[in-house]
1. Go over the candidates V431, V406 one by one and state the one that is within 29 Å of the chain's Cα centre (by Cα), closer than 30 Å to R366 by Cα and part of a loop (DSSP other than H, G, I, E, B).
2. Pick from S194, S268: which is part of a helix (DSSP H, G or I), surrounded by fewer than 16 Cβ atoms within 10 Å (Cβ to Cβ), more than 14 Å from the chain's Cα centre (by Cα) and without any contact (Cβ under 8 Å) to a residue 60 or more places away in the chain?
3. Among the residues of the range 26-79, what is the count of those that are among the charged types (D, E, K, R) and under 27 Å from V217 (Cβ atoms)?
4. Could you look through the range 4-15, keep only residues that are aliphatic (A, V, I, L, M) and touching a Cys at 6+ places or on another chain (Cβ under 9 Å), and pick out the one that is nearest to N40 (Cα to Cα)?
5. So in the range 271-300, with the set limited to residues that are aliphatic (A, V, I, L, M) and in a loop (DSSP other than H, G, I, E, B), which one is nearest to I234 (Cα to Cα)?
6. For the range 155-168, state whether one or more residues are over 30 Å from L231 (Cβ atoms) and more than 15 Å from the chain's Cα centre (by Cα).
7. Is it fair to say I100 is at pLDDT below 95 and either touching a Pro at 6+ places or on another chain (Cβ under 7 Å) or aliphatic (A, V, I, L, M) (or both)?
8. Quick check on K370: is it among the charged types (D, E, K, R), out of contact with any Asp or Glu (no Cβ under 7 Å at 6 or more places or on another chain) and more than 30 Å from V75 (Cβ to Cβ)?
Amino acid sequence: MEKEAILGERLPGDRVRCHVCQWRCLINPGKTGVCRMYINRDGKLYSMNYGEVSSVAPDPVEKKPLFHFFPATRVLSLGTWGCNFHCQDCQNWEISCVDIPTTSQYLSPEQEIELAKRYNCSGVAWTYNEPTIWFEYTLDSAKLAKQNGLYTVYVTNGYATSEALDTIGPYLDAWRVDVKGFTDGFYRRLAKISHWRGILEVAKRAKEKWDMHVEVVTNIIPTMNDDEEQLRGIATWIRDNLGELTPWHVTRFHPMYNLTRLPATPVSTLERAWRAGKEAGLKFVYLGNVPGHEKENTVCYYCANLNVRRIGYDTEVIGLDDSKCRFCGAELNFRTTLKPISGPPTEKELHPIAKLARETVESYVREGKKPPPVELTPEMSERAGVFVSIHKHGELRGCIGTFEPVQANVAEEIIANAISSSTRDPRFPPVTEEELDDLEYKVDILSRPEPVKDVSELDPKKYGVIVESGFRRGLLLPDLEGVDSVEEQIAICRLKAGIGRNEPVDLYRFEVRRFK
């Protein structure tokens, strides 16, 4: 069944752009996108597979795998046809790498919910292939599931856009995401994906903005992603961005589809991945596709008691008290209650620093004046350089700041830079009143810069960089998406300051306190 897409952008010449996934396909009339499930019909974008079901089954939730989410419950699992990835190791290639067959079965969202209840399922999961490729159907179904007291799960490759995530975010309880590897070369070789780091940003957004329960899966493929660099990279990223209590599943690859030449993953390799995760500081690392292995179990990291015993999909809850260890009270990050249907954080939930940036922009754009004075928090009373960044649907909308303090205190610094970011960033037109509800704010308070004698003292995740040559200075904040090396940091700073590639420079580093 066809249905008009909700994330299609109409363009001149009857072309459309699809904003469901990060391919952001530009589609000519009569053509489809990469997934082959969205088509341009006379200048409008349509989903071709609304309700077209390839697979339906009541599964143990542990099969997704989700180990810290409503343990020992059943979930109605559904898949459709097609995919926006074409992975060499796809285990469901019979439904993912094909067009919609003429004999496909239609299942309405209402029928889906009836099936879930009939089979005593506690929730619904869109799985087997990438759920965003029938986005409109999963959205309608998720709304209906939540109205009926069922939990909702995306089992996803993570390539959704921030717009798609924000549209379905209020109605999704769990984001079970694949982080397949941790290098450009691996993602290109496995799935012909170049810009894979957007997967990480969307996973982080799912947790932070939409309070979804997040678990990560990495299928360990011999010779492709079983090296220490990738394993430690994934584990460290999970720890730093999703938290040390986030479950990481390292699963056994079996020869499949276009990788039948490779052997199954040795159990010893999975155990090495398990050690890499534990050494990085993750509290819960699980082995998958190895039924009966002791690393399937949940053991409390504090008192070492057994909380959940698993043998394959047979699950026995032994020592849980809601999300905590029944024996010692340690928090284990189990989700056992439905999250309410809600929007992003409200004004009351924002940190006062971020709230001041938002109030400033809204007051200035709507009324042309600064907001009324606020009670200063300790951070606001200091003097420091401040950068205010504004994002819209995950994309930068403005960013301006000061290297060093020029105002009486941080509060006044925020107000001045928030106004500049929203109205005077030369890269963007001024923010309009119609955009205000879609904006997100980030405020960085800078430490005093300190000289750097050698680039080995820099770290792009921890330190921002200032490059100086005479009166020319370029600054780059730390921990920015797509900036992964010190060399990239310095090159961008040189470019911003108009400093030549081979000109001698002085380097400084600084840290930030970041408020969102």
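1. V431
2. Exactly one of S194, S268 is part of a helix (DSSP H, G or I), surrounded by fewer than 16 Cβ atoms within 10 Å (Cβ to Cβ), more than 14 Å from the chain's Cα centre (by Cα) and without any contact (Cβ under 8 Å) to a residue 60 or more places away in the chain, namely S268.
3. Residues meeting the conditions: 7.
4. Per the stated criteria, the residue is A5.
5. Looking at residues that are aliphatic (A, V, I, L, M) and in a loop (DSSP other than H, G, I, E, B), I get L282.
6. No; the residues of the range 155-168 include none that is over 30 Å from L231 (Cβ atoms) and more than 15 Å from the chain's Cα centre (by Cα).
7. On the way: at pLDDT below 95: yes; either touching a Pro at 6+ places or on another chain (Cβ under 7 Å) or aliphatic (A, V, I, L, M) (or both): yes.
So I100 fits the description; yes.
8. yes
The values are calculated or read from the model by the stated rules, or taken from the named source; none is laboratory data. Just so we're clear, the structure is a prediction, and the values are computed from it rather than from any experiment. Every residue, glycine among them, receives a Cβ derived from its backbone with ideal geometry; neighbour counts consider all protein chains shown.
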